[in-house]
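Below is one structure, written out as structure tokens; comments come after it.
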Amino acid sequence: MNRLSGWLFVAFFVVSGSCYAGTACPDLFTGGVEPAIDTSLTARTTEVCHTEYALLASGVTKGPLYSAEHLTASQIAGSESIGRTGTWHAETGIPVADRSQSSDYTNSGYDRGHMSPAGDASTLSNEKETFSMANVVPQFHSLNAGQWERIENYVRSVATDQGEVYVVTGPAFEPGSSTTIGADNVKVPDYTWKAIYEPGVGTGAYLCTNLQQYTCTVVSVSDVTTMSGVDPFPSLSATMKSHSISLPLP
């Protein structure tokens, strides 16, 4: 049994209770309701609303617990008309003590892995917002530039074909996981996940091990909640979230 299968066979993370902080950017969330967070994760969290995505930053992990988008076909059309630009910058919307710096990643062996991708932004100014250090986690380059990027491209194609899609992306940590990088002790996730909701179709998620020799698989949104402590779409029914729609592994 591989590492990822083991996670799905035995749920290490037991969701004991969840809470809602109340959101200032409801248009980015399914049903206007922000993701529900297990109570064990709520210490030192700050919501940050950007133009085309919102994140919940953790002062414990020094990264996002999730980063959420409402992708539309018009947004993707805009993204295809601009080039990649942006400079990594600390997130001024969260307390100084809870921030990571770009220097934390220098010579760490990890990429600054976008959760809401720069490639989703419809304008240059919105793209620059995705370069917030609160929107990234340490991710192996082989994954970041490999299947993870192909998954991002696929999700953009869904938004174009369907007209809209809600996307929530984030990390998951195994209990006892303690690997950190940099002076700010940025926590390295064991997994990264991307959950999607296609209105009128259903939900599903991608889950990838954060390893040099990574594995990605398709799981249900309920699986993501069990593993990460984050319910990406609390306004949707448990039945819808327990069954994944057919998603390719690009």
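Going through the stretch 195-216 one residue at a time, which ones are surrounded by fewer than 18 Cβ atoms within 10 Å (Cβ to Cβ) and closer than 19 Å to VAL137 by Cβ?
LEU211, GLN212, GLN213, THR215
Just to be sure, is LYS194 within 26 Å of ASP38 (Cα to Cα), out of contact with any Pro (no Cβ under 6 Å at 6 or more places or on another chain) and basic (Lys, Arg)? Spell out the reasoning first.
Numbers: within 26 Å of ASP38 (Cα to Cα): yes; out of contact with any Pro (no Cβ under 6 Å at 6 or more places or on another chain): yes; basic (Lys, Arg): yes.
The answer is yes for LYS194.
Considering every residue within the stretch 113-124, establish whether at least one is charged (D, E, K, R), closer than 18 Å to LEU71 by Cβ and surrounded by 17 or more Cβ atoms within 10 Å (Cβ to Cβ).
Initially, the stretch 113-124 is screened for residues charged (D, E, K, R), giving 120.
Right, trim to closer than 18 Å to LEU71 by Cβ and you get 120.
The next check asks that each one be surrounded by 17 or more Cβ atoms within 10 Å (Cβ to Cβ); those that pass are 120.
Scanning the stretch 113-124 turns up at least one residue that is charged (D, E, K, R), closer than 18 Å to LEU71 by Cβ and surrounded by 17 or more Cβ atoms within 10 Å (Cβ to Cβ).
Only one of (1) touching a residue at least 60 places away in the same chain (Cβ under 8 Å); (2) closer than 25 Å to VAL230 by Cα; (3) in a helix (DSSP H, G or I) is not met by SER142, so which one is it?
Unmet condition: (2).
Take THR46 and tell me if it is in a loop (DSSP other than H, G, I, E, B), at pLDDT 50 or above and within 18 Å of the chain's Cα centre (by Cα).
Details: in a loop (DSSP other than H, G, I, E, B): no; at pLDDT 50 or above: yes; within 18 Å of the chain's Cα centre (by Cα): yes.
Criteria not met by THR46.
When you scan the stretch 162-250 for strands (runs of 3 or more DSSP E) that lie fully inside it, which ones turn up with 3 or more residues that are at pLDDT below 95 and on the phi > 0 side of the Ramachandran plot? If you could, list the steps in order and put the result at the bottom.
Details: elements: 164-172, 191-198, 202-209, 216-219.
Because the criterion is at least 3 residues that are at pLDDT below 95 and on the phi > 0 side of the Ramachandran plot, no strands (runs of 3 or more DSSP E) in the stretch 162-250 meet it.
Conditions tested, residue by residue: (1) touching a residue at least 24 places away in the same chain (Cβ under 8 Å); (2) under 30 Å from SER74 (Cα atoms); (3) part of a loop (DSSP other than H, G, I, E, B).
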site	(1), (2), (3)
THR92	no, yes, yes
ASN107	no, no, yes
SER122	yes, yes, yes
ALA134	yes, yes, no
VAL137	yes, yes, no
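Please verify whether THR192 is surrounded by fewer than 24 Cβ atoms within 10 Å (Cβ to Cβ), farther than 17 Å from LEU28 by Cβ and of a type in the set (S, T, N, Q), treating the condition exactly as stated.
Values: surrounded by fewer than 24 Cβ atoms within 10 Å (Cβ to Cβ): no; farther than 17 Å from LEU28 by Cβ: yes; of a type in the set (S, T, N, Q): yes.
Against the criterion (surrounded by fewer than 24 Cβ atoms within 10 Å (Cβ to Cβ), farther than 17 Å from LEU28 by Cβ and of a type in the set (S, T, N, Q)), THR192 does not qualify.
Just to check your reading of the model, which residue among SER102, SER40 is surrounded by fewer than 21 Cβ atoms within 10 Å (Cβ to Cβ), more than 30 Å from MET240 (Cβ to Cβ) and of a type in the set (Gly, Ala, Ser)? If you could, list the steps in order and put the result at the bottom.
Numbers: SER40 fails: more than 30 Å from MET240 (Cβ to Cβ).
That would be SER102, the only listed residue that is surrounded by fewer than 21 Cβ atoms within 10 Å (Cβ to Cβ), more than 30 Å from MET240 (Cβ to Cβ) and of a type in the set (Gly, Ala, Ser).
Being among the hydrophobic types (A, V, I, L, M, F, W, C), buried (at least 21 other Cβ atoms within 10 Å of the Cβ), farther than 19 Å from VAL186 by Cβ and within 18 Å of the chain's Cα centre (by Cα): is that true of ALA134 here? Don't jump to the end; show me each part of the working.
On the way: among the hydrophobic types (A, V, I, L, M, F, W, C): yes; buried (at least 21 other Cβ atoms within 10 Å of the Cβ): yes; farther than 19 Å from VAL186 by Cβ: no; within 18 Å of the chain's Cα centre (by Cα): yes.
For ALA134, the condition - among the hydrophobic types (A, V, I, L, M, F, W, C), buried (at least 21 other Cβ atoms within 10 Å of the Cβ), farther than 19 Å from VAL186 by Cβ and within 18 Å of the chain's Cα centre (by Cα) - is not met.
Can you pull out every residue in the stretch 231-250 that is touching a residue at least 60 places away in the same chain (Cβ under 8 Å), in contact with a helix residue (DSSP H, G or I) (Cβ under 7 Å, 6 or more places away or on another chain) and either farther than 29 Å from ALA43 by Cα or surrounded by 21 or more Cβ atoms within 10 Å (Cβ to Cβ) (or both)?
ASP231, PRO232, PHE233, PRO248, PRO250
In this structure, is VAL96 free of Cβ contacts under 8 Å to residues at least 24 places away in the same chain and closer than 27 Å to ILE181 by Cβ? Before the answer, list the steps.
Working: free of Cβ contacts under 8 Å to residues at least 24 places away in the same chain: yes; closer than 27 Å to ILE181 by Cβ: yes.
Taking the combined requirement at face value, the residue satisfies it.
Mind checking which residues of the stretch 193-217 are among the aliphatic types (A, V, I, L, M) and closer than 24 Å to ASN135 by Cβ? If you could, list the steps in order and put the result at the bottom.
Kept after step one, since they are among the aliphatic types (A, V, I, L, M), are these residues of the stretch 193-217: 195-196, 201, 205, 207, 211.
Of everything in the stretch 193-217, those that are among the aliphatic types (A, V, I, L, M) and closer than 24 Å to ASN135 by Cβ turn out to be ALA195, ILE196, ALA205, LEU207, LEU211.
The values are calculated or read from the model by the stated rules, or taken from the named source; none is laboratory data. Bear in mind the structure is a predicted one, so any value in this text is a computation, not a measurement. Positions of Cβ are generated from backbone atoms using ideal geometry, with glycine treated the same way; all protein chains shown enter the neighbour counts.
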